[in-house]
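Q: Below you'll find the structure I mean.
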Amino acid sequence: MTLAPFVILLFAAFVGYAINLRAAQAIRADGVRLHSLESFHGLFSLLMVIVPVLTLVLIWLAVEGAVIDALLMASLPAGVLDGLGSGAIQLIGAEIRSIAGGRVFGTPDDWKLEAAERLIGYRQASSWLLIVVVTGVSAGIVYFARGRVASGFRARQRVERITLGLMIFCAVVAIFTTVGIVAALTYETFRFFQMVPVTEFLFGLNWEPQIPIREDQIAAEGAFGAVPVFLGTIVIATVALVVAVPVGLMTAIYLNEFAPHAFRKTVKPVLEILAGVPTVVYGFFAILVVAPALRQFGASVGLDVSGNTALAAGGVMGIMLIPFISSFADDALSAVPQSLRDGALALGATRGEMMLNVLFPAAIPGIVGGVLLAVSRAIGETMIVVMAAGLMARMTINPLDSVTAVTVQIVTLLIGDTAFDNPKTLAAFALGMMLFIATLVINIFALRIVRKYREIYD
Amino acid sequence: MYDAPHKDKDVTQNDIKISARDVQVFYGDTQAIKDVDVEIDDKTVTAFIGPSGCGKSTFLRCLNRMNDTIDICRIEGKISIDGEDIYDPSIDPVQLRAKVGMVFQKPNPFPKSIYENVAYGPKIHGMARNKAELDEIVENALKRAALWNEAKDRLDSPGTGLSGGQQQRLCIARAVATEPEVLLMDEPCSALDPIATAQVEELIDELRQTYSVVIVTHSMQQAARVSQKTAFFHLGNLVEFGDTEQIFTNPKDERTESYITGRIG
Amino acid sequence: MTDTTPSEGRQPRASAGEAVRNSLARRNRKQMVLQGFGIAAIVFAITMLLILLTSIIGNGYHAFTQTHVELDVFIDPEEIPEEGLPRGDYDDVLAVAMGTHFPDVDLSDRIATRELTSILSNGAQYILRDKVVADPSLIGQTISVKVPVSDPYDQLHKGLVERDTEEQFRRLDNDAIDRFDRLDDLDLVSKPLNTGLITQADSRFPELAGLKGALVGSFWALLTCFVISFPLGIGAAIYLEEFAPKNRWSDLIEININNLAAVPSVVFGLLALAVFIGWFGLPRSAPFVGGLTLALMTMPTIIIATRAALKAVPPSIREAALGVGASKNQVVFQHVLPLAMPGILTGTIIGLAQALGETAPLLLIGMNAFITSAASSPFDSATALPTQIFIWADSPERGFVSRTSAAIMVLLMFLITMNAIAIYLRSKFERKW
């Protein structure tokens, strides 16, 4: 059913193309000179159908669900929703939907069964209506476009204007994505700060995002001081960088200057594999291999290492970042002009001295840019920490302790069914906002450094 | 001054500093240098001239083994400096390059201060025992490169901030500071304006007092102005080698004549 | 130029040769140390990669086989009446079949019976049920069925439960092992290829859990992602590279795209949750929403790759086409774009491979639900390969360790294939202008 409007749309578009093409060919056959090639007349009709009608269908499908829901809820018998919270109302909606989908659990009330019937009716009506509308509008446009075919009609210019508009739209989607991120985060964060003071979130030292399950519950008043969460992220990211930066830089130095050609050609792609492994795999690796190994090692030297240490999560994250840093550093070293290498060698520097005294200092800006991007990766990395780090927020900088991280909290707060009206859910958006701002600042800064650096030697 | 060689230049017979025998250079399968035999005198400026791609720069880079950095480059024959084969396995290129300095086509100061640029060679070779000695070496080198007066007040500013001509003289100072015995110059003036070129040429003439200087140039006038000996390369062959005056006034080979009169190049 | 004659100035200095000779060994040693560090770093990185791969493969290969028991089952019409299908006491029937091999077990003793049937997977009765429902004429007959054993016995048969561990630390007590060994001695136990890993959807029981749901979910999500991000990405890239005037706006879009490529994936999940699910009311857990989110993340990658590919087409092509009177549009769509296509496709495949491995945003939109059937459309609830890995990694049953590893192997296989295609495309169509 959902496919039908699209099929009609495509069909209409091709019919429009064919009709206009024929019409234009007929004009030409009469010996009249056309302004534009026949195919542009066809394309004009095709685009005139696809662009507006596709927009219509997509908007229809996007709003359909919400409109039908509103109609459904309004049609429920008076009184059944009285005194229910939004969560309970949502549950009823979900139950009716699942009945309509043919999944009946237990024996639901009659009014629910009726509502489900109505829901099916609404849905069918909506799809039929959409089909009728799409057919009508498409036919109208095809007729209109046919009317435009004439020897002087500037079909090519029209087609090119439409395609240009489409391309601008594509480019603007990228902007809209950012706008969407900012809008969503800002809106939900704002709502969060209406419930929890900003100062508590930014400076509070206690993070216990429980919410009362019943209205009258007193015990679990959540605490939303995010400092220990930020601290956890910093500890884990630091561990990751302590692993990744030296290993990555040394790798780059060796590959860039000392490695035989064949060695470099083999090792580089092998390291790229490390970068291509999905993070969920690293997460599993951390809990399957690294954490138990650290634990065992800790026990053997008499240290009590917790099961989900910052060390395991950060260490594995560091392994993931090695190729990231090494390829950035390698690029930066390669961008240093050959003349500087020659200059140093001609003075009688060993290759090691050339690398350490000349190339490396000259490449520092590019390397710093790469390291900053790695930092942004590390604090935004989610799956490794979700799987390998802890859930409890603690004020500690000991990497052997179990710590949590911003991304862990975002995921755990939002996993499962969520309603958008309690601070627990909204806290995730506030954390997301912090994460977005932090990574944005680092990214802009890093990209600028990298770009500046490229300009120096280009 | 134009294409007339310096008649007043004393072409005294000096000791042979560098001698090359049957040198062949290959890049992969292509041969860049064929059967080059040449003897370069001490305390003399020797110019390599020839059309571009004739192998003169390649041959120059063989003299301090800079070609070692190119993987596919292969050298046959024998090149010796002071009678010592520089391609002998026992010779460390680092040691060789400390003895045979090089100045490049494009000025290539390190992105460090002027002082650090000049002090770099002496530092890595451990030529100064303390800061005062290093200061003295730097000062002398800059003086020899005729840059001291311009640079003495800004030793800590970056070498990349100097003008092109100053940068090239800085590179010469940097090479001189390690006290080499031979100075190789690969078209040192090609990136410079005429005034800077004149300054560098004057400098080269002065450096001859102490060093054996080998200069690659595509400018015949420059070769005539600064050198006592000239070697003409063509298509990887050493066509003619002799006193500069003789090469420019009375070339023996037809190709040399064609080149210096502007018919090939 | 001041002093020029050596006689009145300094004596010609001695060469630095002496100093160089003295320090050379030390300096070369320093260089060796630097190289040593470099090699150590590379060895470290590669060792970690090897440990990762061997641990995954070492655990995962077990899941590609599954221990089965072959039983002769009498479909007792008393327990399974034909008119009551699909209802019936299939587990009792199985228990009786098991009991034939264990005459010493009293089948009226519920606890003893349960211990005995614990060898069989919980899903065994449903396998039997499906067989009978498909062919009701089996009722009253004795048929031979092969059913999977439950996880602990599967582990035992694969040697993952150490028999010489002390009984109290072992997951199976001695009696259980004896019973299983008796079946084994009777040659009823086999370990065929585990096709269920691909043909079955998720299950609470490791021996029944498969990847079908996740594969289908990932397919829908990736298809949605491709359908949306490919045209959008190419359109945006063509506009920015060929048409956009260079001004503040195009700069802003450029910076914006570079930034989007570096925004943490979990933030895209938040966007999807708030906008697609919260504001637009799209269904939770649906691969369509997942694909939409992944499309937004993949778009910057495609845009950047496409722009690079367009840049690589030399201006001479454009000039030649413009020179014969083609419009700017015709130049771009008829000449430049086809030449840039291999590069664009390579970038797209790499972007899709990244999207396939992406987990965090899918978690936030609920694609980690427990769903035991494969989605039939992109709007049904589903999991995806990486989220399935996450779910299984979180499950406590031992059997899920090897299932998780096996799922990772499947995921990596897809990624390797996609990247291999990209590399092939690049090398096949790479042009040197």
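The values are calculated or read from the model by the stated rules, or taken from the named source; none is laboratory data. Computed from a prediction, not measured in an experiment: that's the story for all the values here. With ideal geometry, Cβ positions are generated from the backbone for all residues, glycine too; neighbour counts draw on all protein chains shown. For the accessible areas, the whole protein counts, side chains as well, though only heavy atoms, and no ligand, DNA or RNA atoms are used. Shrake-Rupley method; radii C 1.70, N 1.55, O 1.52, S 1.80 Å.
Q: Do you know which residues across the range C:365-387 are under 16 Å from C:Thr293 (Cβ atoms) and open to solvent by 40 Å² or more (accessible area, probe 1.4 Å)?
A: Hits for the range C:365-387 are C:Phe379, C:Ser381.
Q: Okay, moving on. Just need a number here: residues in the range A:334-356 that are more than 10 Å from every other protein chain (Cβ to nearest Cβ) and touching a Gly at 6+ places or on another chain (Cβ under 8 Å).
A: 1
Q: Taking A:Arg351 as the residue in question, decide whether it is at pLDDT 90 or above, touching a helix residue (DSSP H, G or I) at 6+ places or on another chain (Cβ under 8 Å) and not aliphatic (A, V, I, L, M). Steps first, answer last, please.
A: Details: at pLDDT 90 or above: yes; touching a helix residue (DSSP H, G or I) at 6+ places or on another chain (Cβ under 8 Å): yes; not aliphatic (A, V, I, L, M): yes.
Judged against the criteria, A:Arg351 is a match.
Q: If you take the residues of the range A:324-333 that are closer than 20 Å to A:Thr238 by Cβ and buried (at least 24 other Cβ atoms within 10 Å of the Cβ), which of them is nearest to the other protein chains (Cβ to nearest Cβ)?
A: Checking each candidate, the answer is A:Ser326.
Q: Another one. Give the residues of the range B:180-206 that are open to solvent by 30 Å² or more (accessible area, probe 1.4 Å) and touching a strand residue (DSSP E or B) at 6+ places or on another chain (Cβ under 9 Å), sorted by residue number.
A: At the first step, the residues of the range B:180-206 found to be open to solvent by 30 Å² or more (accessible area, probe 1.4 Å) are B:181, B:190-191, B:193-195, B:198-199, B:202, B:205.
Selection gives B:Glu181, B:Asp205.
Q: Would you check which residues across the range B:172-182 are closer than 24 Å to B:Asp41 by Cβ and away from chain C (no Cβ under 12 Å) and list them?
A: The answer is B:Ile172, and nothing else.
Q: Let me ask another. Which residue, of A:Ala78, A:Ala94, A:Ala74, A:Ala116, is within 14 Å of chain C (Cβ to nearest Cβ) and either among the charged types (D, E, K, R) or more than 30 Å from A:Asn20 (Cβ to Cβ) (or both)? Show your work before the answer.
A: Details: A:Ala78 fails: within 14 Å of chain C (Cβ to nearest Cβ); A:Ala74 fails: within 14 Å of chain C (Cβ to nearest Cβ); A:Ala116 fails: within 14 Å of chain C (Cβ to nearest Cβ).
Testing whether each residue is within 14 Å of chain C (Cβ to nearest Cβ) and either among the charged types (D, E, K, R) or more than 30 Å from A:Asn20 (Cβ to Cβ) (or both) leaves just A:Ala94.
Q: I've got another one for you. How many residues are under 27 Å from the mean Cα position of the chain (by Cα) and more than 7 Å from every other protein chain (Cβ to nearest Cβ) when one looks only at the range A:149-177?
A: Total meeting the criteria: 4.
Q: Do you know which residues across the range C:396-411 are open to solvent by 30 Å² or more (accessible area, probe 1.4 Å) and in contact with a helix residue (DSSP H, G or I) (Cβ under 9 Å, 6 or more places away or on another chain)?
A: From the range C:396-411, those open to solvent by 30 Å² or more (accessible area, probe 1.4 Å) are C:396-398, C:401, C:409; that's our starting set.
Within the range C:396-411, C:Glu397, C:Arg398, C:Val401, C:Met409 meet the criteria.
Q: Which members of the range C:20-58 meet the condition of being of a type in the set (S, T, N, Q), more than 7 Å from chain A (Cβ to nearest Cβ) and either closer than 14 Å to A:Phe284 by Cα or open to solvent by 40 Å² or more (accessible area, probe 1.4 Å) (or both)?
A: Start the filter on the range C:20-58 by keeping residues that are of a type in the set (S, T, N, Q), which leaves C:22-23, C:28, C:31, C:35, C:47, C:54-55.
Filter again for more than 7 Å from chain A (Cβ to nearest Cβ), leaving C:22-23, C:47, C:54.
Scanning the range C:20-58 gives C:Asn22, C:Thr47, C:Thr54.
Q: Here is a further query. For residues in the range C:382-410 being at pLDDT 85 or above and in a loop (DSSP other than H, G, I, E, B), which is nearest to the other protein chains (Cβ to nearest Cβ)?
A: Among those that are at pLDDT 85 or above and in a loop (DSSP other than H, G, I, E, B), it is C:Ala384.
Q: Quick one: is C:Ala176 outside any helix (DSSP H, G or I), of a type in the set (Gly, Ala, Ser) and outside the structural domain of C:Arg284 (by TED's automatic domain parsing)? Walk me through it before giving the result.
A: On the way: outside any helix (DSSP H, G or I): no; of a type in the set (Gly, Ala, Ser): yes; outside the structural domain of C:Arg284 (by TED's automatic domain parsing): yes.
So C:Ala176 does not fit the description; no.
Q: If you don't mind, there's one more thing I want to ask. With the checklist (1) more than 30 Å from C:Val331 (Cα to Cα); (2) touching a residue at least 12 places away in the same chain (Cβ under 8 Å); (3) open to solvent by 70 Å² or more (accessible area, probe 1.4 Å) in hand, flag the one item A:Phe192 doesn't pass.
A: (3)
Q: Determine, yes or no, whether B:Ile49 is surrounded by fewer than 18 Cβ atoms within 10 Å (Cβ to Cβ), more than 16 Å from B:Val176 (Cα to Cα) and among the aliphatic types (A, V, I, L, M).
A: Values: surrounded by fewer than 18 Cβ atoms within 10 Å (Cβ to Cβ): no; more than 16 Å from B:Val176 (Cα to Cα): yes; among the aliphatic types (A, V, I, L, M): yes.
Answer is no for this residue.
To keep it simple, each residue is scored yes or no on (1) of a type in the set (Phe, Trp, Tyr); (2) more than 21 Å from C:Asn419 (Cα to Cα); (3) surrounded by fewer than 24 Cβ atoms within 10 Å (Cβ to Cβ).
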{"residue": "C:Val289", "(1), (2), (3)": "no, yes, no"}
{"residue": "C:Ile303", "(1), (2), (3)": "no, no, no"}
{"residue": "C:Lys311", "(1), (2), (3)": "no, yes, yes"}
{"residue": "C:Arg318", "(1), (2), (3)": "no, yes, yes"}
{"residue": "C:Lys328", "(1), (2), (3)": "no, yes, yes"}
{"residue": "C:His335", "(1), (2), (3)": "no, yes, yes"}
{"residue": "C:Pro338", "(1), (2), (3)": "no, yes, yes"}
{"residue": "C:Gly343", "(1), (2), (3)": "no, no, yes"}
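Q: Follow-up question, since we're still on this one. Take the range A:295-322 and flag every residue that is of a type in the set (S, T, N, Q) and outside any helix (DSSP H, G or I).
A: Answer for the range A:295-322, where residues must be of a type in the set (S, T, N, Q) and outside any helix (DSSP H, G or I): A:Ser306, A:Asn308, A:Thr309.
Q: Next question. Just wondering, is there one or more residues in the range A:427-440 that are open to solvent by 30 Å² or more (accessible area, probe 1.4 Å) and closer than 22 Å to A:Gly318 by Cβ? I'd like the intermediate steps shown before the answer.
A: Restricting attention to the range A:427-440, the residues satisfying the condition of being open to solvent by 30 Å² or more (accessible area, probe 1.4 Å) are A:433-434, A:437-438, A:440.
Right, trim to closer than 22 Å to A:Gly318 by Cβ and you get A:438.
Yes - at least one qualifying residue is present in the range A:427-440.
Q: Out of all the residues in the range B:216-241, which are in contact with a Cys (Cβ under 7 Å, 6 or more places away or on another chain) and crowded, with 24+ Cβ neighbours inside 10 Å?
A: Once the filter is applied, which keeps residues that are in contact with a Cys (Cβ under 7 Å, 6 or more places away or on another chain) and crowded, with 24+ Cβ neighbours inside 10 Å, the range B:216-241 yields only B:Phe233.
Q: Only one of these is of a type in the set (A, V, I, L, M) and modelled with pLDDT of 85 or more: A:Ile218, A:Ile175, A:Ile211. Name it.
A: A:Ile175
Q: If the requirement is being in a helix (DSSP H, G or I), closer than 28 Å to C:Ala420 by Cα and modelled with pLDDT of 90 or more, which of these qualifies: A:Asp330, A:Asp342?
A: Only one candidate qualifies: A:Asp330.
Q: Additional query: Restricting the search to the range C:258-280, which residues are within 7 Å of chain A (Cβ to nearest Cβ) and small (Gly, Ala, Ser)?
A: Within the range C:258-280, C:Ala262, C:Ser265, C:Ala274, C:Gly278 meet the criteria.
Q: Quick check on the range C:170-179. Is at least one of its residues crowded, with 20+ Cβ neighbours inside 10 Å and over 36 Å from the mean Cα position of the chain (by Cα)?
A: yes
Q: Separate question: Are there any pairs with C-beta distances below 7 angstrom linking a residue in the range B:183-206 that is within 12 Å of chain C (Cβ to nearest Cβ) and under 24 Å from B:Ala98 (Cβ atoms) to a residue that is open to solvent by 30 Å² or more (accessible area, probe 1.4 Å) and at pLDDT below 85, with the two at least 6 apart or on different chains, and if so which?
A: Within 7 Å, the pairs are B:Glu206/C:Met1; B:Glu206/C:Thr4.
Q: I'd like to check something: does the range A:389-406 contain any residue that is in a helix (DSSP H, G or I) and of a type in the set (Val, Ile, Thr)?
A: Yes, that holds for at least one residue.
Q: Kindly evaluate C:Arg110 against the criterion of being in the same structural domain as C:Lys146 (by TED's automatic domain parsing) and more than 41 Å from the chain's Cα centre (by Cα).
A: yes
Q: Something else now. Residues to consider are A:Ile287, A:Ile273; find the one that is within 30 Å of B:Ile72 (Cβ to Cβ), in a helix (DSSP H, G or I) and not small (Gly, Ala, Ser).
A: Details: A:Ile287 fails: within 30 Å of B:Ile72 (Cβ to Cβ).
It is A:Ile273.
Q: Identify the residue in the range B:89-110 that is out of contact with any strand residue (DSSP E or B) (no Cβ under 9 Å at 6 or more places or on another chain), free of Cβ contacts under 8 Å to residues at least 24 places away in the same chain and in a loop (DSSP other than H, G, I, E, B) and, among all such residues, is most open to solvent (accessible area, probe 1.4 Å).
A: Among them, the one singled out is B:Pro89.
Q: Scan the range A:357-401 residue by residue and report those that are of a type in the set (S, T, N, Q) and either within 14 Å of chain C (Cβ to nearest Cβ) or buried (at least 23 other Cβ atoms within 10 Å of the Cβ) (or both).
A: Answer for the range A:357-401, where residues must be of a type in the set (S, T, N, Q) and either within 14 Å of chain C (Cβ to nearest Cβ) or buried (at least 23 other Cβ atoms within 10 Å of the Cβ) (or both): A:Asn357, A:Ser376, A:Thr382.
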